[in-house]
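What follows is a single structure, written as C-alpha cells, with notes after it.
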Amino acid sequence: MAALPRSVNVRPGQPMPVTPLAHDASNPVTRWQRELAAAIRTPEALCAALDLDPAIAAAAHTAGDTFPLLVPRGFLARMRKGDPRDPLLLQVMPQPQEQATATGFSSDPLDEASALAAPGLVHKYAGRALLLVAAGCAINCRYCFRREFPYAESGATSAGTEAALAAIAADPSLHEVILSGGDPLLVADDRLQGIVDRLAAMPHVRRLRIHSRLPIVLPERVTDDLVDLLAATRLAVTVVVHANHARELDDTVAAAVDRLRQSRAILLNQAVLLKGVNDSAPVLEALSERLLDLGVVPYYLHLLDRVRGTAHFEVDEATARRLHDELRASLPGYAVPRLAREVPGAAAKVWIG
Ligand SMILES: *Cc1c(COP(=O)(O)O)cnc(C)c1O
Ligand code: SF4
C-alpha cells in the first residue's frame, strides 16, 4: 500500500514460510500456526465453502499462478455465502482481470528496490525505516503492492535482518523502526523478542512500529505472550493494523484488539481504497465507526499502488476526494483517515485533499 507495509506475500515459486514447526515440546506448534497451516489455498475450496458457482474457481485459474490464493478460515467465516461480490471475497479471489495490462501499472511501482539501505531495510523517509523481517503473509490480498516484490533478494531473512540491524545501529537519525514484510507478526515470538531487544539496546531508537494484517485476518496471533512482549519493551510501540471493510472486524478481531490494547501500544488502521470493496461513503463511514468502537484510530486511506495486475481495483483520484469529503462531513476529525498516495521519490506519503 502505498502504505506500508501492508503485509506479505510470497515470491513466485517460493514455499510459504508458514508450515508448522517440528512437533517437539520445546518448540510447540502454536494455535495460530495451526490455523495458518489450515488456511484455504485453492479457488475450488473457497467456492465450495461459500456455495459459489464452480465457474468462478475455473476463472480464477486464468489469473495465473504466481501469486497463489491464501485465506485463513477465520477470515472466510466472515464472508457471505452465495455472494460473488462479497467485499471480503473480492480481496482474495484471483480474477481474470489480473492478466490485463494497464498503462502505468508495473512490478515495483514504489521503487522499493532502489530504497534498500541495507538488505532488509527500506529507508525512504526521515527518521524512520522499514525493517523487512518476514517474506510471507497469512493472506494474499489481490491488490497488494508487494505481490511481485523480490523478498528473497531484499533481505527479508535472518541474515538480512542482521545486516539491517547493523545499519540501524550505525544511523543515529533513525528514531523509529517499522517492522514490515510480508507480515512481521508471522515471525515466531522468540525471533521477534530478539529483534525488539536488539533495537531497544540502540539508544537512538525510540519507537517501534509494527504494520500487520494478522490481528485482522488471523486474530489468534495476538496471544498473551505477544502482548507481554510488546508491553515489556522500553520502546514506544504503535501497531498499525490493516482492515478495509467493517465486516472484517468481527468479534474474534474485537477480542484480539482488546488484548492488544493491554500492551498500551497506540493502535492505528490503514486501509486501501478499492473498487467494489469499500468505494462508497457509507462503507468507509462504517469502517471508521467500527474501528473506533474497538479503540483503533483510522490513520491512512491509501490510493492503490499501481502494481501490475491490480488495475481493476483502482478508484480514480476525483472519486477518492469526493468520498473523503463526504467522510469529513459526517465523522469527527479524528475518525477521518488521511487520504494518501505513495509517490516514488517524495519525502513522505503525499496527502490528498
Ligand atoms: C509508508 C512508509 C513509511 C511510514 O510512513 P508514515 O507516514 O510515517 O506512516 C516509512 N517508510 C516507508 C518506506 C514507507 O513506505
Ligand atoms: S496482508 Fe495483504 S496487503 Fe498486506 S502485505 Fe500481505 S498480501 Fe499485501
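The values are calculated or read from the model by the stated rules, or taken from the named source; none is laboratory data. Everything numeric in this text was worked out from a predicted model, so none of it was measured. Cβ placement follows ideal geometry from the backbone for every residue including glycine, while neighbour counts extend to all protein chains displayed. Accessible surface areas use protein heavy atoms only, side chains included; no ligands, DNA or RNA. Shrake-Rupley method; radii C 1.70, N 1.55, O 1.52, S 1.80 Å.
Whole-Hz ³J(HN,Hα) for each residue in region 338-353, computed from phi via Karplus 6.51 cos²θ - 1.76 cosθ + 1.60 with θ = phi - 60°, x for glycine and proline: what do you get?
Those phi angles translate into 6, 7, 9, 9, 8, 10, x, x, 6, 7, 6, 5, 8, 7, 10, x Hz.
Please compute the contact order of region 120-229 in relative form: average sequence separation of alpha-carbon pairs under 8 Å and at least six residues apart, divided by the residue count, as a percent.
Values: 154 pairs, mean separation 34.9, N = 110.
After rounding, I find 32 percent.
Counting Lys and Arg as +1 and Asp and Glu as -1, what is the net charge of the other residues whose Cβ lies under 14 Å from the Cβ of Leu199? All intermediate terms of the calculation are to be shown ahead of the outcome.
Values: positive: Arg128, Arg191, Arg198, Arg206, Arg207, Arg209, Arg234; negative: Glu162, Asp171, Glu176, Asp197.
Its environment carries a net charge of +3.
Using the crude model of +1 on Lys and Arg Cβ and -1 on Asp and Glu Cβ, and no other charge, please compute the dipole size for region 112-351 relative to its Cα centre, in debye to 20. Could the numbers behind the result be given before it?
Values: 27 positive and 29 negative charges, 113 e Å.
Result for region 112-351 is approximately 540 debye, rounded to the nearest 20.
From largest accessible area down, sort Glu289, Glu317; use a 1.4 Å probe on the protein chains. Provide the component values of the computation, followed by the final result.
Values: Glu289 95, Glu317 65 Å².
In descending accessible area the options line up as Glu289, Glu317.
For every other residue with a beta carbon closer than 12 angstrom to the beta carbon of Thr161, add +1 if it is Lys or Arg and -1 if Asp or Glu, then tell me the sum.
On the way: positive: Arg191, Arg198; negative: Glu162.
Net charge in that neighbourhood comes out at +1.
Sorted by mean Cβ packing within 10 Å, highest first, what order do the peptides 78-84, 63-69 take?
Working: 78-84: 14.6, 63-69: 16.7.
Averaged packing, sorted descending, gives the order 63-69, 78-84.
Accessible area per residue, 1.4 Å probe, Å², for region 112-351: what's the number? Numbers along the way, then the final one.
Numbers: 8580 Å² over 240 residues.
About 36 Å² of surface per residue is accessible.
Please identify the helices of the chain, taking whole runs of DSSP H, that span at least 18 Å along their own axis as judged from the Cα atoms and have a mean Kyte-Doolittle score of 0.0 or higher. Before the final figure, lay out the partial values.
Details: long enough: 281-294 (20 Å, 0.67); 317-330 (20 Å, -1.12).
The qualifying helices are 281-294.
In whole percent, what relative contact order does the chain give with Cα contacts below 8 Å and a gap of six or more residues?
Details: 740 pairs, mean separation 69.6, N = 353.
Value for the chain: 20 percent.
Amide H of Val272: which non-local residues (sequence gap of 5 or more, or other chain) have their own amide H closer than 5 Å, using H built in the peptide plane?
Long-range HN contacts for Val272: His302.
Where Lys and Arg each count +1 and Asp and Glu each count -1, what net charge lies around Pro96 among other residues with Cβ under 14 Å from its Cβ? Numbers along the way, then the final one.
Numbers: positive: Arg142; negative: Asp65, Glu98.
Net local charge, Pro96 excluded: -1.
Can you tell me what share of the DSSP beta bridges in region 112-351 is antiparallel? A percent to the nearest 5 is fine. List each step's numbers first, then the result.
Working: 7 of 35 bridges.
Within region 112-351, antiparallel bridges account for around 20 percent of the total.
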